[in-house]
Each structure stands twice: as C-alpha cells, then as structure tokens.
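First comes the structure, then the notes that go with it.
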Amino acid sequence: MMRNYWEIYKKFVSTSTTMAMSFRLPFVLLIVMDLCFYFTSLLTIDFIFNHIQHMGPWNRDQLMFFMAFMLLLDNLHMTFVSESFWELSMMLKTGQFDYVVLRPMNTLFSTFFRFFRPSTMLNFPIAVGVLIHYGLKIGLAPSAWALLPVFVILSFILLIQVEFIITTSMFWVIDGLGINFLRMQFQKLARWPNFVYASMPRRVFTLIFPILVIGSAPVSFLIDQSKWYWPLGLVTSIIVLGFVLSFLWTTGIRRYESASS
Amino acid sequence: MSHLLCLSTFCKKMAEKGQIGQTPAMKNSTALIQANGLTKQFVSYKKEAGLKGTLKGFFNRESVVKTAVGQFDFEVQKGEIIGLLGPNGAGKTTLMKMFTGIIVPSAGELKVLGHNPWERSKDFRKKIALVMGQKSQLWWDIPAMDSFLLLQKYYEINDRDFKQRIDMMSELLDVKKLMHIQIRRLSLGERMKLELMASLLHSPEVLFLDEPTIGLDLVAQENIRQFIINYHKQNQCSIIITSHYMADVQALCQRLTLILDGKKGFDGPLTQFEKILGNEKVVSFTFEKAIDPLLPLWKGLDPKWNELNNQVELRIPENELRKISGQIIEQFPVIDFATEKMPIERVMKTLMNNPKLLSEYNA
Amino acid sequence: MNSIPKWLETIRISISKVMAYRLNFLLQIIGPTLVFFFIKYNLWSSIYQGDRTILISGYTLTAMLAYHTWGLVVELLASGFTAMNLSEDIRLGRISTYLIYPFNFWEFHTASFIGFQITQVFIALVTFGAVALSGLIEVPMFTLLVKGFSYTLFISFLWFVMNYGIGLLAFWLEDTWILKVILMVISSFLSGAILPLDLFPAGLVEVLKWTPFPYLSYYPIKIFMGVEPNYLFAIGVMTGWMALITYCNHLVWKKGMKLYTAAGM
C-alpha cells in the first residue's frame, strides 16, 4: 500500500520533471523569482533593524532566523505542493478533475502531490544555508539543532494542512483562482511572528485557525526551550486539523458537480 | 434563495440518507448496472446581460434549478453493449458521470457492479473506465507512454500484464509509433486511439465511452469502432456508449436507450427501434430533369427533395412499395433508384420532432 | 471617430466582467491589499511598541501608519490590473479573432484596462472615505487630493504598459505569471510600498530616482501626505520610461505577430 503510493509518487516526480525541463526559460525564471523573493524578504528586515534594536522580544538575528525558517518552508511548499493548487482550480473549471475522482487512490494525495517543481528544489540548499547561517548567529543549542529538521517537517505539515483546508472551499466556490489568492494572504500573515499582531487577531490565528503556530511555535521554542507549550500546540494543531481536513475533503468531493464538457 | 433551491437541497440530503427514491425491491440483482428513479438536479444562477443586470446580480442572485436527469430507470447485463442516444443536453453525460461516481445523484437508487458509485470505493474504481471524447486524460506535454506508465502505477498493474496489453492494443490500433510522441503533436484521431488504450490498460469490467468519436473524420471513426468491436469480442466486458452519431450505435450496439430531456424515451433492441415508424422502406429516385414537387402523388410519402428537384427520397409502406414505385417509374424519367432500410438518423429526427410517436409506441 | 462606440462598449463589458467574477475580484484584488495593510499596521504598531513619541527616520508611529494607509489607497488605484487575459489570448491562439475584428488587440486591452480602472477609482474612493473617517490619516486640502489622485492615475498607465509588455511575452513564454511575480516582488520592495524609502540607505535611493520604481508608491504617498516632489522631474522620468516601454511593446508585438502568422503557433 505505502509502497504503491511511493511508486506513484516517483512517477509524479519524473513526469513533472520531464515537463518542466521542456520549458527551459520558465525553469530558470522560477529560480530567479524565488531568489528575488528571499532576498527582498531578508532585506526588509535588515533595513528595519538599521533603525531599531528589538522587535517584540527578538533582536535582528532572531528575526532573521525566523524569516529564514519561513523561507525554507516556502521553498518546500513551492517544490512539493504549490503548483497543484493552481492546477486544481483549472481542473475544477474544465472538469478535468473527473479523472482524479476516477482513479483508484486517495484523492487528497493525487490532487495535491501531483505536481512537483524541480526548479525550486535547486534553491533548497540556499534556503537551508541561510537558515543555518542565522542559526549559528543566534547560537542555537545542540539539542535545538537536532530538533530543527523535525520542526521543519512538522511546520510544513501544518502549513499544507491549513492550505488544503482553505482549498477545499473550491468545491463550493467554483472560481478557484480567487481562493488561491486568499490562500496566499494567509501565507503572508504567517510570515511574521505572532507577537506582531494585536491580541484579538493573534488569538484567532493561534487558537482557532492556527496559521501563526506554523512559524512562531518552532522558532519560539528553539530560541527558548523552556517554552514547551509551543511544540505541544504545534502537534495538537496538526492532529485536530487532520480530522477537520479529512471531513471537509470528503464532503467537498461529494459536492463536486463536474463541469459539463 | 428560492424555494426551489431549498427543495432540491432538501431532496439531496434525503437522498444521501437513502430515504427517498427507493423502489421496494431491485428487479434483478445480477444486473451489472441497476438504476431506479435516478435523478440529478443542478442549481445555477441567472445572469442578466448589461451593466445594470450585472450590478443587480452582484447583490442579489436568482437561482434556477435544472433537472438534468429525472426518474431514470436503467439496467445493463454483463457483456452487453448499450448505446445511450440523445440530442445535446439530454443528460447523457450526466448519467455517465453518475454511473462512474464522479457526481452524486440528487435522488434515486443506483448500483454499478454491486457498488454505490459515489462512495467511490477503490475496488469499484479499479473495475471501471471512462473515456470522454471531449476531455483528455493523457498529458499534453509528454508522450502517451509516460502517461501509461503512470496509470500502471495507479491501477497496480503488474509488468507482465501491462506489457502484454500494450502490445495487444497497440497492434490492434496501429499506434506503435505514436506512443513515444508528445500528445500535443498528434492528430485528434491518433489521440483518441491512445485515450482508449489508456482506459483499457487495467482491463475494466465496464467501459463507459462518452462520445468517443466526436470530431473525428469518417475513417478515424471507423477505426475506433472496429477496435471496440474486436476488443469486446476478446474481453467480453460491458460497454455503455453515448454518441450522437447513429453510425456508432448501428455498428456497435445490440441495445439502445434513447434519452430526451433527461427522461428515457425508448429502451430496447436496435431492430425494434427502427420499426417505431411502421414497416416502411426508404426509396430514392433520381430523375433526368427537375420534377414538380407539388404533385399530389408525393403526398403522404414524406418526400425529401434535393435543391434541383431532380432527386427525391420517399418513405413508402412496404405493402405499397411495388405499386407506388411502378407508378413513378412509368410517369417520370427515372434514371436511377435505390431502396434501403429506414436510416436511424431519420428515425431519430422524426422522433425528436414528434415525441408523441414514442409515447404511442410505449403505450 | 467611429471607433469611440467600440471603446465605450469594450469598457462597459470590461466592467461587467469585473463585477461578474465578484468573489474572484474581491479575493484577488481587494483582499491582498487589505491583508497587506493589516499586516503592516500590526507590524509597525509592534515595532513602535505603541509609543507615539519615538521617531524612526523622521516618522512617528502616526506618520508611519498614515504612510501605509495612503499606500493602501495608492495600490488600489494604481496597480490592480494584471492583464492576465492578454497572455491567455496569445497562448490559446484567441489572437486570431482580433486579427479579423475591426478593433485592434491593443485597443481592446487598453479599453479593458480603462474599464477596470473605473471600478478601481470607485473602490479607492470608498477606501479613502473609510480611512479618512477612521482617523488614520489627515484629510488633505482638496487641491492636494486632486493632484494626488491625478498623479496616481497617471502611474496606473505606467503599470499598464509594464504589464502589457510582460503579457506580450506569451508569444515565447508559456508562463508569463512568473515574470509578473518577479516584477511585483521587486517593485513592491523598491517602490517604497513595504518600507518608506527614507529607511533605505541613501546611496540606493539616489540610484532608484532614475528607475520607475519610487514613482509608483513612494512619491504618490508623499504627495497625499503633503510633501510635494519636483513634479517636473518625476513626471519627466516616468514619461521617459513609459515612452520607452511602449516602444518596446510595439517592437515585441511586431515580432510576435511575425512568429504567429508565420508558424500559426
């Protein structure tokens, strides 16, 4: 069963790569696009800290570390799932989603992991490098280094769960393009630490719709390991959202009306 | 929201709970497909033209409920080839999508291979295949073989079966050379062959073909038909085919179901369908020169004249065939004539223009 | 002069289209701008830690929030149009229709842009009304307001020619959205939409003066806030860029058409 999915995933990767390689210019431009994004994101923080000492409880390097963490998540997101969201909105519009429904396998898997972006994967070492650089600067403890990869994976899982849940609304609102833009708004919100937000939105986005947990939980804990409640919150969020997602997705698929050909 | 919408969502909910649309007992439990009172309704919103209408629609939408399929009863036995026939928008595709579990019925009962299609159990999905003439499951930018390999993984087909089926079908369809070319460089006919192949790799028990020959030229249509016949002979799977080309149905189907406006119009053997209009023959005459089409002789024979008025097609009752053709040959300068069975196209056209004929027949 | 009805009708249809995809419109154009503003509002409040007396590069918290509030109005007014249809027209071969119509491709898309812009003016005005009432900004003198709005509408044309140019690259490029995102990322940073340029290193600002970027956000915001620039210089640089880009677009179009008609794509 797992092996079969692994076999399928390998095919997804290889077909996506074949396709991506046949368009050479976009392949290169995607890399440039991401690098521009990383660069301006980091530069924004740098410029702000030219004029201030602290933001909330954090100094320049700590905030840079946070941003580097979020950029690495973005890199994983761009590589493994991002394209599928846009494809889904197209497939729902054209009725091409029929074929996803027909295949004998988990539809969440075949919807969201279908498209792989090899070009963004080439930026992976850069994203990791930046994270390590700032990790060294803030002097992470050895135990924190060991936990870092685990947190990257957990945060990535929470991020995509949140995004899958948002995307499920495409079954109700056929215009999926708008939903994709909404999804990107939430990404933007999560790209700043939770303490930036006033208390009301902070509570809503931490406890009810936990997008601020994605970055703030692991980084807060890695910086100060006495804050054990953060990783606990992260894991709890993943479990709860897992149930919410599977319920919503099943309901959504039943709502699917299939565009007439 | 209008009352209608509320009603339809209500119906939908009830149907999901299985509380309405249940007919007491299924007539035949061995049937491959069994549908009773199958219904599908869609809700859409009115949009008025013009800026004013748009502004109005922005704040207040009016919903419209459309019944695509209503109270449809249907049964298919193992190994049958059945044609679903009907004009555009009659509900053929909606039916196919319900059969394959892509959309959930609003009401009624449906079993395909013993499954509720919309539960979409993995087991069910492995036993069916759907080919849509208007959509492609093959990947535009890569060769078909890559798509096939992906499908092999999807359906967990072992390498030996996979290879054997590819060899067999590519031989039958004559596509050996096409499998390694990017799909977008192929013609529609070539692509359709590969679409068929893709759907048959897992040897489905039921094959749904939704307008498989649409847009193809005559030769390509013929190729596809021939392949389906051969494939059916070898594999004995059941095939449900929709089309609006009568030639498809005539070549492939033993049984035919006619859908008009979401309802079943006729269901029976092809031969019977042709007889709906009575025992008539179609005879065409070609004349040396133009003939007056208004003569009383033509009355009641449903004449179809060409533009030059030197050729006519008549529908003549079998028992008067000799008499009438004799008269025509005597009175006019006939240079050629031919007789044939009532072409199914004409039967369809006549039926669509007067649905009464059907209800008379069914009664 | 008989082309005016064609323009008017195209503008009208463009407005209808925007309204028809209302949810999309809300989520795609207005939503991002509002969220962006929401983040910046929170971010700066947190940076100043609510202290209204601290100065950062000459900005008090009140001034910084006013800067970003005006940024919201400017963004809504100037840069909503994405010209996505344009590349789609090219990629899907719909361009042939325009070759037959007695109404040119650029005319159609410029008219669509104007129609879109009309809805945007409406939205920007509503937004302006809301933020004026909320007290986030000082309501400027009427003449200044008129100057600010006119200047911003002028910029929207600069945005349009840039987006149009990128859209035209669809003749060669499967995904023009990548270029659009690159333009967006770079320009939102270099134009002062994220941070006021006063926070940038002075040398960088000096160089930026000769690019179109600062004129897209920083300048109009400053006008609304009562700091008027050297209009002659600003408009001069922008017009120069606009002329250059329009000329390039013309060349790209000609080349693309040659490709299109020769190969049938």
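The values are calculated or read from the model by the stated rules, or taken from the named source; none is laboratory data. Fair warning: this is a prediction, and the values are worked out from it, not measured in the lab. Cβ coordinates were reconstructed from backbone atoms using ideal geometry, including for glycine residues, and neighbour counts include every protein chain displayed. Just the protein is used for accessible areas: all its heavy atoms, side chains included, with ligands, DNA and RNA removed. Shrake-Rupley method; radii C 1.70, N 1.55, O 1.52, S 1.80 Å.
If C:Ser87 satisfies all but one of (1) surrounded by fewer than 21 Cβ atoms within 10 Å (Cβ to Cβ); (2) within 30 Å of A:Phe186 (Cβ to Cβ); (3) touching a residue at least 24 places away in the same chain (Cβ under 8 Å); (4) away from every other protein chain (no Cβ under 11 Å), what's the number of the condition it fails?
In the conditions (1) surrounded by fewer than 21 Cβ atoms within 10 Å (Cβ to Cβ); (2) within 30 Å of A:Phe186 (Cβ to Cβ); (3) touching a residue at least 24 places away in the same chain (Cβ under 8 Å); (4) away from every other protein chain (no Cβ under 11 Å), C:Ser87 misses (1) alone.
Among the residues of region B:38-91, what is the count of those that are out of contact with any strand residue (DSSP E or B) (no Cβ under 9 Å at 6 or more places or on another chain) and modelled with pLDDT of 80 or more? Walk me through how you get there before you give the answer.
Narrowing region B:38-91 to residues out of contact with any strand residue (DSSP E or B) (no Cβ under 9 Å at 6 or more places or on another chain): B:47-56, B:58-60, B:88.
From the residues that got through so far, the ones that are modelled with pLDDT of 80 or more too are none.
Of the residues in that region, 0 qualify.
Of the conditions (1) open to solvent by less than 10 Å² (accessible area, probe 1.4 Å); (2) not in a helix (DSSP H, G or I), C:Pro220 satisfies every one except a single condition; which number is it?
Looking at each condition in turn, C:Pro220 falls short on (2).
Does any residue of region C:26-39 turn out to be over 25 Å from A:Leu63 (Cα atoms), more than 8 Å from chain A (Cβ to nearest Cβ) and not charged (D, E, K, R)?
So far as region C:26-39 goes, yes, one or more of its residues are over 25 Å from A:Leu63 (Cα atoms), more than 8 Å from chain A (Cβ to nearest Cβ) and not charged (D, E, K, R).
So the check is Cβ under 6 Å with 6+ separation or different chains; which pairs have a first residue in region A:36-56 that's within 7 Å of another protein chain (Cβ to nearest Cβ) and touching a residue at least 40 places away in the same chain (Cβ under 8 Å) and a second one that's surrounded by fewer than 17 Cβ atoms within 10 Å (Cβ to Cβ) and in a helix (DSSP H, G or I)?
Close Cβ pairs satisfying both conditions: A:Gly56/A:Phe195.
Does B:Asp336 satisfy the criteria of being open to solvent by 30 Å² or more (accessible area, probe 1.4 Å) and under 24 Å from B:Gln250 (Cβ atoms)?
For B:Asp336, the condition - open to solvent by 30 Å² or more (accessible area, probe 1.4 Å) and under 24 Å from B:Gln250 (Cβ atoms) - is not met.
Looking only at region A:247-260, count how many residues are surrounded by fewer than 16 Cβ atoms within 10 Å (Cβ to Cβ) and at pLDDT below 95.
6
Within region C:90-116, restricting attention to residues that are among the hydrophobic types (A, V, I, L, M, F, W, C) and under 16 Å from C:Phe171 (Cβ atoms), which residue is surrounded by the most Cβ atoms within 10 Å (Cβ to Cβ)?
Here the residue is C:Ile90.
Quick one: in region C:11-25, of everything that is over 25 Å from C:His68 (Cα atoms) and more than 7 Å from every other protein chain (Cβ to nearest Cβ), which residue is surrounded by the most Cβ atoms within 10 Å (Cβ to Cβ)?
If we take residues in region C:11-25 being over 25 Å from C:His68 (Cα atoms) and more than 7 Å from every other protein chain (Cβ to nearest Cβ), then C:Ser14 is surrounded by the most Cβ atoms within 10 Å (Cβ to Cβ).
Yes or no, residue by residue, for (1) surrounded by fewer than 19 Cβ atoms within 10 Å (Cβ to Cβ); (2) out of contact with any helix residue (DSSP H, G or I) (no Cβ under 7 Å at 6 or more places or on another chain); (3) in contact (Cβ under 8 Å) with a residue 12 or more places away in the chain:
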residue: C:Glu9; (1), (2), (3): yes, yes, no
residue: C:Ser46; (1), (2), (3): yes, no, no
residue: C:Gly50; (1), (2), (3): yes, yes, no
residue: C:Thr62; (1), (2), (3): yes, yes, no
residue: C:Tyr67; (1), (2), (3): no, no, yes
residue: C:Leu72; (1), (2), (3): no, no, yes
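Quick test for you: out of A:Gly95, A:Gly56, pick the one residue that is modelled with pLDDT under 90 and crowded, with 17+ Cβ neighbours inside 10 Å.
Criteria check complete, one pass: A:Gly95.
Which ones in region C:180-217 are more than 13 Å from chain A (Cβ to nearest Cβ) and part of a loop (DSSP other than H, G, I, E, B)?
Once the filter is applied, which keeps residues that are more than 13 Å from chain A (Cβ to nearest Cβ) and part of a loop (DSSP other than H, G, I, E, B), region C:180-217 yields C:Lys209, C:Trp210, C:Thr211, C:Pro212, C:Leu216, C:Ser217.
Among the numbered conditions (1) in a loop (DSSP other than H, G, I, E, B); (2) within 12 Å of another protein chain (Cβ to nearest Cβ), tell me where A:Lys227 comes up short.
It fails just one condition, (2).
In region A:64-87, which residues are more than 13 Å from the chain's Cα centre (by Cα), open to solvent by less than 10 Å² (accessible area, probe 1.4 Å) and of a type outside the set (A, V, I, L, M)?
A:Phe65, A:Phe66
Looking for something within 14 Å of chain C (Cβ to nearest Cβ), open to solvent by 40 Å² or more (accessible area, probe 1.4 Å), within 19 Å of C:Ile29 (Cβ to Cβ) and touching a Lys or Arg at 6+ places or on another chain (Cβ under 9 Å) - is there at least one such residue anywhere in region A:164-180?
yes
Of the residues in region A:226-261, how many are farther than 30 Å from B:Gly89 by Cα and in contact with a Ser or Thr (Cβ under 6 Å, 6 or more places away or on another chain)?
Qualifying residue count for the region: 3.
Can you tell me how many residues in region C:25-83 are within 20 Å of the chain's Cα centre (by Cα) and of a type in the set (Phe, Trp, Tyr)?
Residues in region C:25-83 being within 20 Å of the chain's Cα centre (by Cα) and of a type in the set (Phe, Trp, Tyr): 7 in total.
So, of the residues in region A:15-29 that are facing another protein chain (nearest Cβ under 8 Å) and in a helix (DSSP H, G or I), which turns out to be nearest to B:Leu149 (Cα to Cα)?
The first filter runs over region A:15-29 and keeps only residues facing another protein chain (nearest Cβ under 8 Å), leaving A:15, A:18-19, A:22-23, A:25-26, A:29.
Those still in the list that are in a helix (DSSP H, G or I) too: A:15, A:18-19, A:25-26, A:29.
On the way: A:Thr15: 10, A:Thr18: 14, A:Met19: 15, A:Leu25: 28, A:Pro26: 26, A:Leu29: 30 Å.
Of everything passing the filter in region A:15-29, A:Thr15 is nearest to B:Leu149 (Cα to Cα).
Looking at (1) at pLDDT 90 or above; (2) touching a strand residue (DSSP E or B) at 6+ places or on another chain (Cβ under 9 Å); (3) within 12 Å of chain A (Cβ to nearest Cβ), which is the one condition that is false for B:Met192?
Answer for B:Met192: the failing condition is (3).
Would you point out which residue out of A:Val244, A:Val219, A:Val213 is of a type outside the set (Ser, Thr, Tyr) and surrounded by fewer than 19 Cβ atoms within 10 Å (Cβ to Cβ)?
Criteria check complete, one pass: A:Val244.
Would you mind stating whether A:Ser155 is over 20 Å from C:Ile30 (Cβ atoms), open to solvent by less than 20 Å² (accessible area, probe 1.4 Å), polar (S, T, N, Q) and in a helix (DSSP H, G or I)?
yes
Against the conditions (1) part of a helix (DSSP H, G or I); (2) surrounded by 15 or more Cβ atoms within 10 Å (Cβ to Cβ); (3) in contact (Cβ under 8 Å) with a residue 24 or more places away in the chain, where does A:Met105 fall short? Just the number, please.
(1)
So C:Ile166 ticks every box in (1) without any contact (Cβ under 8 Å) to a residue 40 or more places away in the chain; (2) buried (at least 22 other Cβ atoms within 10 Å of the Cβ); (3) within 14 Å of chain A (Cβ to nearest Cβ) but one. Which box is left unticked?
Checking C:Ile166 against (1) without any contact (Cβ under 8 Å) to a residue 40 or more places away in the chain; (2) buried (at least 22 other Cβ atoms within 10 Å of the Cβ); (3) within 14 Å of chain A (Cβ to nearest Cβ), the one that fails is (1).
Any chance you could count how many residues in region B:83-133 are within 12 Å of chain A (Cβ to nearest Cβ), touching a Lys or Arg at 6+ places or on another chain (Cβ under 8 Å) and on the phi > 0 side of the Ramachandran plot?
Qualifying residue count, region B:83-133: 2.
Tally time: how many residues in region B:96-126 are part of a helix (DSSP H, G or I), closer than 23 Å to B:Ile229 by Cα and in contact with a strand residue (DSSP E or B) (Cβ under 7 Å, 6 or more places away or on another chain)?
Here is the first cut: in region B:96-126, the ones part of a helix (DSSP H, G or I) are B:96-99, B:117-119, B:122-126.
Among the residues that remain, those that are also closer than 23 Å to B:Ile229 by Cα are: B:96, B:99, B:126.
From what is left, the residues that are in contact with a strand residue (DSSP E or B) (Cβ under 7 Å, 6 or more places away or on another chain) are B:96, B:99.
Count: 2.
Could you look through region A:84-100, keep only residues that are in a helix (DSSP H, G or I) and free of Cβ contacts under 8 Å to residues at least 40 places away in the same chain, and pick out the one that is nearest to the other protein chains (Cβ to nearest Cβ)?
A:Tyr99
Kindly provide the set of residues from region B:168-185 that are in a loop (DSSP other than H, G, I, E, B) and in contact with an Asp or Glu (Cβ under 8 Å, 6 or more places away or on another chain), ordered by number.
Filtering region B:168-185 for residues in a loop (DSSP other than H, G, I, E, B) gives B:174-177, B:181.
Scanning region B:168-185 gives a single hit, B:Val175.
For region B:101-118, indicate whether the set of residues that are in the same structural domain as B:Gln236 (by TED's automatic domain parsing), within 24 Å of B:Cys253 (Cβ to Cβ) and touching a Pro at 6+ places or on another chain (Cβ under 7 Å) is non-empty.
yes
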